[in-house]
Structures are given as C-alpha cells and as structure tokens.
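The values are calculated or read from the model by the stated rules, or taken from the named source; none is laboratory data. Note that the coordinates shown come from a computational prediction; the quantities given were computed from them, not determined experimentally. Glycine gets a Cβ as well: all are built from the backbone with ideal geometry, and neighbour counts include every protein chain shown.
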C-alpha cells in the first residue's frame, strides 16, 4: 500500500519528519510533489506533547538550487535556494534519502511542466 497521502489539490505528501533546523530550531519538515515546508513546533517534556506554533516556511521545488547531505559524524540535509544566499540545514534521520527524494521530485515536476 502506498504510504503517501493526497490533498484536495492533487498535492502528494512524499516525506515528513520531526526534526530541527540550525537557526529555526525544532519543527516538522514535509516534502510534497510540489514544495518543501518546515513548520515550527514547541515540545513539552512533562506531557510528551508537541504544539504547532503557526510559523511556517515554504518554498516550491523550483526555488531550490541544491539539495544535498553534508557532514561526517553529524549529517544534515542542506537546502540552498535560487536567487538567494539562504541556506537551511535540517537534522533529519536520513539526509541522503531526503536529498535524493527532493531531486527526484524536482525532476518529476520539470518533466510534467514540459
């Protein structure tokens, strides 16, 4: 069975993970067939719960210049944006898989736009 889910506008969730970004701190990273989004969260150890803070950054796959895995001991997913000097470093469990999947979705989006 396919583990992906679809929204009403045919946007398909590919990967999502609770992670942290170097400057934004903890949140949930989500890759769809159209965009990459990070939504900040705040956790409570006493109740073992997480709360969405409503702060969200999103960028379309066409806005991503490069997605790669970086680091020797502690590996991170590095996202560089087009037309910007912004770089995001996400601490996900398998950064190589994330980078590969982002590149695959970028290729699929390019092919569908032709």
**Request:** State which residue is surrounded by the fewest Cβ atoms within 10 Å (Cβ to Cβ) when the search covers only the stretch 1-16 and only residues that are part of a loop (DSSP other than H, G, I, E, B) and modelled with pLDDT of 55 or more.
**Result:** 9
**Prompt:** Would the stretch 83-96 turn up any residue that is surrounded by 15 or more Cβ atoms within 10 Å (Cβ to Cβ), in contact (Cβ under 8 Å) with a residue 24 or more places away in the chain, part of a helix (DSSP H, G or I) and touching a strand residue (DSSP E or B) at 6+ places or on another chain (Cβ under 6 Å)?
**Reply:** yes
**Request:** May I ask you to list the residues in the stretch 67-82 that are in contact with a strand residue (DSSP E or B) (Cβ under 7 Å, 6 or more places away or on another chain) and either over 22 Å from residue 34 (Cβ atoms) or surrounded by 14 or more Cβ atoms within 10 Å (Cβ to Cβ) (or both)?
**Result:** 67, 68, 69, 70, 75, 76, 77, 78, 79, 80, 81
